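Colleague: Dropping the structure in here first, questions after.
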Amino acid sequence: MNKSIKISLLPGDGIGKEIAEESKKILNWIDKNTKLEIILQEDIVGGESIDKNNTPLTDKTLEKISETDAILLGAVGGPKWEILPFDKRPERGLLKIRKDLDLFANLRPATVLKPLINSSTLKPKVIKDLDILIIRELTSGIYFGEPRGVKKISENEKKGFNTLVYTTTEIERIGHIAFKTASTRSKKLCSIDKANVLESTELWRDVMTSISKNYPDVELSHMYVDNASMQLVRNPNQFDVIVTTNMFGDILSDCASMLTGSLGMLPSASIGKKTEGRCNAMYEPVHGSAPDIAGKNQANPLAMILSLAMMFKYTFSKEDIYSKINKAIISILDKGYRTKDIHSKNNKLVSTSEMGDLVIKELENEKI
Ligand code: NAD
């Protein structure tokens, strides 16, 4: 009997809509060619929702998507909405989803695919076979801590302040995800902090060390964030899984993503605690809505398609679908097909929709 799964598709704005069309082709293919029956529910978020509903995410949409098994998102935003006050902007829609569904673990793989090894600004020998995973705490830390604000303290002087706060429970839950993930990979976990200066990350280090006793097969190491940023560009292959705080993860994952050299190729997953009947995962490309190329059929749809692949691995435990999509993409790149962002001499330039069709063609070559 076919197993039915319910997925929310939120294309968003700009190229989000174009890459979502290609992801839909892949989802339809999976629906037709595997034992999974996919129920797709499409909704609006970001700028389009602001235009129609005066808010980047309506409560009704939030309720609807929270009843599905997983969310697949394109990207939101664009110059049209940049004049709005901060709390009304398209990106607030994403923050609302992350916060409401408590998606506290952000998984960002940085993988160098062989055919793209020359796309990075780093020497091929430094990034050869790179395959690391950064796990960033996403719903706490300095981005959410209180008190925060800007206060006038004298006639000519203001004070801007934020609070870096973590509780034991918050560190434990991200720690368990990191250790479990590391135990399915090379069993090496590096926890990154600034425990020599910041008390909250001293607690972070203590808690990581304490829960490591539950995972004797995983080797835990600690590193200060300043050293980690240097090591990431010096010798990134020394890492496998990295776990870190919200702000350090924000910075380090952008740095790691550029090791791969191609923004249009980077997927991500944001995952929370599994509660019966409530969505706990959102998958989305790392890039934004790319207004400069929107509507031109030029965008690279692979970051979103790779995010879709992660969804089958992490939410639906379908490792076979995950690896089949990844293999299909490597094969396409091996044959020299490239969208404009990763195109170079001697490659075959293809559009967004042609790239989507090529993925389907490769999947067709070997049915699951
Ligand atoms: P961006 O990621 O949209 O674009 C940066 C550069 O990379 C652009 O030159 C763009 O053309 C290129 N690019 C990005 N994705 C690509 C793809 N798939 N294929 C080919 N080229 C690609 O970042 P930005 O220009 O700083 O932001 C544009 C808008 O997106 C802003 O409104 C920003 O707030 C928003 N944004 C949204 C998200 C999100 O939805 N998660 C993330 C980042 C930025």
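Colleague: When the range 82-96 is examined, which residues are found to be more than 7 Å from the ligand (Cβ to nearest atom), surrounded by fewer than 23 Cβ atoms within 10 Å (Cβ to Cβ) and in a helix (DSSP H, G or I)?
Modeller: Phe86, Asp87, Lys88, Arg92, Leu95, Lys96
Colleague: In this structure, does Phe104 turn out to be under 23 Å from the mean Cα position of the chain (by Cα) and over 30 Å from Lys313 (Cβ atoms)?
Modeller: Taking the combined requirement at face value, the residue does not satisfy it.
Colleague: Within the range 292-316, can you find the residues that are polar (S, T, N, Q) and near the ligand (Cβ under 8 Å from one of its atoms)?
Modeller: Passing the criteria: Gln298, Asn300.
Colleague: Same structure, new question: Within the range 280-291, can one find any residue that is away from the ligand (no atom under 12 Å from the Cβ), crowded, with 17+ Cβ neighbours inside 10 Å and either among the β-branched types (Val, Ile, Thr) or on the phi > 0 side of the Ramachandran plot (or both)?
Modeller: Looking through the range 280-291, none of the residues is away from the ligand (no atom under 12 Å from the Cβ), crowded, with 17+ Cβ neighbours inside 10 Å and either among the β-branched types (Val, Ile, Thr) or on the phi > 0 side of the Ramachandran plot (or both).
Colleague: Checking the condition free of Cβ contacts under 8 Å to residues at least 40 places away in the same chain and within 14 Å of the ligand (Cβ to nearest atom), which residue from Glu276, Glu354, Glu319 passes?
Modeller: Glu354
Colleague: Something else about it: When the residues of the range 38-71 are narrowed to those that are part of a helix (DSSP H, G or I) and surrounded by 15 or more Cβ atoms within 10 Å (Cβ to Cβ), which ends up farthest from the ligand (Cβ to nearest atom)?
Modeller: Per the criteria, the residue is Ser66.
Colleague: Give the range 252-285 a look and list any residue that's out of contact with any strand residue (DSSP E or B) (no Cβ under 9 Å at 6 or more places or on another chain) and of a type in the set (Val, Ile, Thr), or say none.
Modeller: Once the filter is applied, which keeps residues that are out of contact with any strand residue (DSSP E or B) (no Cβ under 9 Å at 6 or more places or on another chain) and of a type in the set (Val, Ile, Thr), the range 252-285 yields only Thr275.
Colleague: Restricting attention to the range 247-263, report how many residues are part of a helix (DSSP H, G or I), closer than 20 Å to Ile342 by Cβ and over 12 Å from the mean Cα position of the chain (by Cα).
Modeller: Going through the range 247-263 one residue at a time, the tally reaches 4.
Bear in mind that the values in this text are calculations on the coordinates, not laboratory data. Note that the structure is predicted; figures quoted are calculated from it, not measured. Quick reminder, even Gly has a Cβ in these numbers, built from the backbone with ideal geometry, and neighbours come from all protein chains shown.
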